[in-house]
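Let me begin by presenting the structure, written as structure tokens, before commenting on it.
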Amino acid sequence: MGKKVMLITGGAGGLGVATGNKLKDYKIVVADYSDEVVNKAVEEYKNNGFDAVGFKSDITSKDEVKSLIEFTKKQGEFGGLVHTAGVSETVHDVDKIFNINLKGTALIVDAVYEIAEKDSSIVLFSSMMGHTIPPNDKYDEALRNSLASNSLDIVKEFVKDDSSIMYNFTKRGVMLIVADNVMRFGKKGSRINSISPGVIMTKMGLKAAEEHPEIINQMLSMTALGRTGEPDDIADVVKFMVSKESRFMTGTDILVDGGLIPSIKKQAKK
Ligand SMILES: NC(=O)c1ccc[n+]([C@@H]2O[C@H](COP(=O)([O-])OP(=O)(O)OC[C@H]3O[C@@H](n4cnc5c(N)ncnc54)[C@H](O)[C@@H]3O)[C@@H](O)[C@H]2O)c1
């Protein structure tokens, strides 16, 4: 039997590549925004002895996501999805953040459901910042239904034009998507979870650190382990999440932030 297939969106990005590098036992499907970055990532995998193929796909396009899933299905037995594609607040565009981080996630989860099979594992990327947004009936309903035409407007009533807040809301939305999908994936014997990284030094993390060094320094001073995260800190946990070792774990979020969120929550109570 051939290797199982692992689809990695944002597969050319920092956490996508770091995770793929831990998954040599799988055939990797690298999906990302442009042919150029996809081909480069695939070439690197192949040079390192990996079995990898690529497919350009914008995750905000329903048609492109559909084609990506059809391509993935043809590659062999489906092992899972690591959905890292996303943007941070540094794009300074609340609509774009909503569309990519939340609508894109809803689209890919719906599409991947069609090929999910027994023992496959889906890992979505939330963020520790998603843990800072409290539950609320009105915006939670909109976050859960991001594909509905009025959802963005409802969420914007709360976030206004603040890209950082929109980012945090979309990452709460990712956790809600996990909760809403756990039963239907479970009926296929497939698992779905999310991971919430803290500050990780990828291109995305470095850009945020450059724009707001004061915030990063304050976060560092509040982080129990006293350092920012490396991509491998996340990739090792994702490796566990897609493996058999996590076989009874589904419908949950794993916070991997060096111990920052507990400090933020404690501070907020004072
Ligand atoms: N780095 C951090 O500090 C951090 C912290 C918490 C959460 N996260 C989350 O982890 C995930 C990965 O982040 P990263 O640090 O690897 O960032 P990154 O910028 O290195 O990688 C993100 C990748 O997503 C791709 N992408 C963006 N929009 C896309 C679209 N519409 N269609 C297809 N691909 C698209 C980009 O091309 C890029 O390769 C993101 O969802 C991010 O929100 C990162």
Only residues that are assigned to a loop (DSSP other than H, G, I, E, B) and either more than 9 Å from the ligand (Cβ to nearest atom) or surrounded by fewer than 24 Cβ atoms within 10 Å (Cβ to Cβ) (or both): list them for segment 94-132, please.
Glu114, Ile115, Ala116, Glu117, Lys118, Asp119, Ser120
When Ala52 is run through (1) touching a residue at least 60 places away in the same chain (Cβ under 8 Å); (2) buried (at least 21 other Cβ atoms within 10 Å of the Cβ), the failure sits at (1)
Looking only at segment 254-266, decide whether some residue is without any contact (Cβ under 8 Å) to a residue 40 or more places away in the chain, crowded, with 17+ Cβ neighbours inside 10 Å and within 27 Å of Leu7 (Cα to Cα).
no
When segment 21-49 is examined, which residues are found to be farther than 29 Å from Leu147 by Cα and either of a type in the set (Gly, Ala, Ser) or touching a residue at least 40 places away in the same chain (Cβ under 8 Å) (or both)?
Asn21, Lys22, Leu23, Tyr26, Lys27, Ala41, Gly49
Helices (runs of 4 or more DSSP H) within segment 161-270 that include 2 or more residues touching a Lys or Arg at 6+ places or on another chain (Cβ under 8 Å) and away from the ligand (no atom under 16 Å from the Cβ)
163-187
Any residue in segment 104-115 that is farther than 10 Å from Val65 by Cβ sitting within a Cβ distance under 7 Å of a residue that is basic (Lys, Arg) and assigned to a helix (DSSP H, G or I)? List the pairs, counting only those 6 or more apart or interchain.
Tyr113/Arg184; Ile115/Lys73
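Where a number appears in this text, it was derived from the coordinates with a stated rule and is not lab data. Quick caveat, the model's predicted, so the values are computed rather than measured. Neighbour counts are summed over all protein chains in view; Cβ atoms, including those assigned to glycine, are modelled from backbone coordinates with ideal geometry.
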